[in-house]
Amino acid sequence: MPALKECFISTVRDISSEGSGVVQHPGGKTFFVPGVWVGETGEFRITGFKGRYGFAELVSLHEKSPHRIDAACEHHGFRKGKCGGCPWQFISYPEQLNVKQLRVRKLLEKIDKNLEKIIKPAWGSPEIFGYRNRAQFKTDGEKIGYVTAGSRDIAPIVDCLILNEKNRHTLRQLLRTFPRQDLKPKRTKNRSRNRRIAEWNTLDIDDEISAAEIAVNQRRPFRQGNSAQNRKMRQWLQEKLEAVRNQKNKSAKVVEFFAGSGNFTEVISAAGFENILALEGADDAVEELAKKQIPAVRIQRTNLFLPEKVAGVFRQNPDAEILVLDPPRDGFKGIDGLFAEDKKMSKKLTDIFYISCNPATFVRDAEILYREGFSLREVQPLDQFPHTPHIELLAHLVRCRGR
């Protein structure tokens, strides 16, 4: 049995969904190691265990990947005090995209082996630095930064290369005000240990506000984090919707789940549909969506994580033909409500446009849709966040004939 702090030599055989290298101990146990890539050989030190798996850190590299490069950011790293926000900065961007594409293909093969022509090549980000339009910093009043990977330690920063220029300027403005007594976290009680511990405060920024407008521990309205890639997502959706509209007509009813503040609602309206029902569960997002007064859109506040609420939507709208959804990372937890009780209520539903920020939960949901008579027509991977294992999917599913 491997022991804590034991060192061993191994070769990285894969990359996990969380972005770490996968290595095997001579005794057979699998370990996850950050900061290494497929094919690299090195010495690793065991740092912890969890069930059948373990965690380790790189001690020294014996054989480097040809794709390894020097990270551009001084804060990049995997030890205490280093930022864990961009774990793949040490690998060339084309190779990052290659691994993301392979991961998508491997996951989708679980539901359909014949997807070669359906999965499109991933759209890489036009900019791999300076792309991010929003961020959340952690602060204890003395320092400001992100978090070291696998810890709750603030990694202080003086710059962040992935932020767009407006947000980098905001960060510089914030740094000039430190240290700050008003940002010291209140001490909270840790019930499990019966003692008081200090937690950080959060500072959410985006390129629509200045440093003076930041509110402590208050989230900004959700938006896609990469503006250039969001434009591609909107363009893809509009083209697909217009093609469906041409097959049907502009009066076909469209239901949108997880509408947020209207990023994709605007696209549905622009595609020419005249009967759109947009549903969202967050009050602040519903308020922002209503302010936009998007043509042909009715807005409804609904908890879409509950299957019974989803079922209620389709009972009230049995003529809905098109569903557009952009759920959070947990996926469409209310999906069973599409086909609950009387399946006739969703029989008119022919097209589903599923925008996913988590391929694993997308595959889980797609398996259910396949069982209910849908199949994938196209999957377009898209990279919003270079230097991370994150990958988006734009998927079009259609009901099979006779189902």
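The values are calculated or read from the model by the stated rules, or taken from the named source; none is laboratory data. Computed from a predicted structure; not experimentally measured. Please note: Cβ atoms are built from the backbone with ideal geometry, for glycine as well, and neighbour counts cover all protein chains shown. Only protein heavy atoms, including side chains, enter the accessible area calculation; ligands, DNA and RNA are left aside. Shrake-Rupley method; radii C 1.70, N 1.55, O 1.52, S 1.80 Å.
Before moving on, here are some points about what is shown:
- Only Cα pairs under 8 Å and 6+ residues apart enter the sum, and on that basis the relative contact order of segment 1-156 stands at 16 percent.
- By average C-beta atoms within 10 angstrom, highest first, the peptides 167-178, 59-70: 167-178, 59-70
- Per residue, in Å², the accessible surface of segment 1-52 once ligands and nucleic acids are set aside, probe 1.4 Å: 50
- With the simple model of a label 7 Å out from the Cα in the direction of the Cβ, residue 7 to residue 69 spans 3.1 nm.
- Residue-level accessible surface for residue 347, protein heavy atoms, 1.4 Å, Å²: 110
- Radius 13 Å from Cβ of residue 111, net charge of other residues (Lys, Arg +1; Asp, Glu -1): +1
- At full extension, residue 55 and residue 177 could sit 40.1 nm farther apart than now, given 0.36 nm per residue minus the alpha carbon distance.
- Placing dummy labels 7 Å off each Cα toward the beta-carbon, the span from residue 367 to residue 210 is 5.2 nm.
- Electrostatic dipole magnitude of segment 249-309 [Cβ: Lys, Arg +1; Asp, Glu -1; Cα centre; debye, to 20]: 260
- Restricting segment 113-147 to GluC sites (Glu not before Pro) in coil, as DSSP defines it, with at most 11 other Cβ within 10 Å: 116
- A 1.4 Å probe run over the protein chains yields, for segment 67-120, 55 Å² of accessible area per residue, whole-number rounding.
- Signed unit charges on C-beta, dipole axis of segment 164-291, positive-most listed residue 210, 249, 178: 178
- Counting Lys and Arg as +1 and Asp and Glu as -1 over every other residue whose Cβ lies under 10 Å from the Cβ of residue 214, the net charge comes to -2.
- Taking 0.36 nm per residue of separation and subtracting the Cα-Cα distance, full extension of the segment from residue 152 to residue 17 would add 46.5 nm.
- Using a Förster distance of 51 Å, the FRET efficiency for residue 248-residue 127 (Cβ separation, nearest 0.05): 0.85
- In this simple spin-label model, placing a label point 7 Å from the Cα along the Cα-to-Cβ direction at both residue 110 and residue 336 gives a separation of 1.8 nm.
- A compact globular protein would have a Cα radius of gyration near 2.2 N^0.38 Å; the ratio found for segment 260-338 is 1.06.
- Think of a 1.4 Å ball rolled over the protein heavy atoms: segment 142-294 then has 53 Å² of accessible area per residue.
- Using θ = phi - 60° and Karplus 6.51 cos²θ - 1.76 cosθ + 1.60, couplings along segment 234-249 (whole Hz; Gly, Pro as x): 5, 5, 4, 5, 5, 4, 5, 5, 5, 5, 5, 4, 5, 6, 9, 6
- Heavy-atom accessible surface of segment 222-367: percent carbon and sulfur, 1.4 Å: 46
- Cα-centre dipole for the chain with unit charges at Cβ (Lys and Arg positive, Asp and Glu negative), debye to 20: 880
- Flagged links, alpha-carbon separation over 30 Å, of 29/138; 117/232; 100/292; 100/143; 248/292; 143/333: 29/138; 100/292; 100/143; 143/333
- Once the Cα-Cα distance is subtracted from the 0.36 nm per residue extended length, the residue 291 to residue 398 segment shows a gain of 35.3 nm.
- Cα shape, segment 58-137, gyration tensor, a/c 1.5 rule: prolate
- Within the accessible area of segment 1-117, the carbon and sulfur atoms contribute 52%, probe 1.4 Å, all protein chains present.
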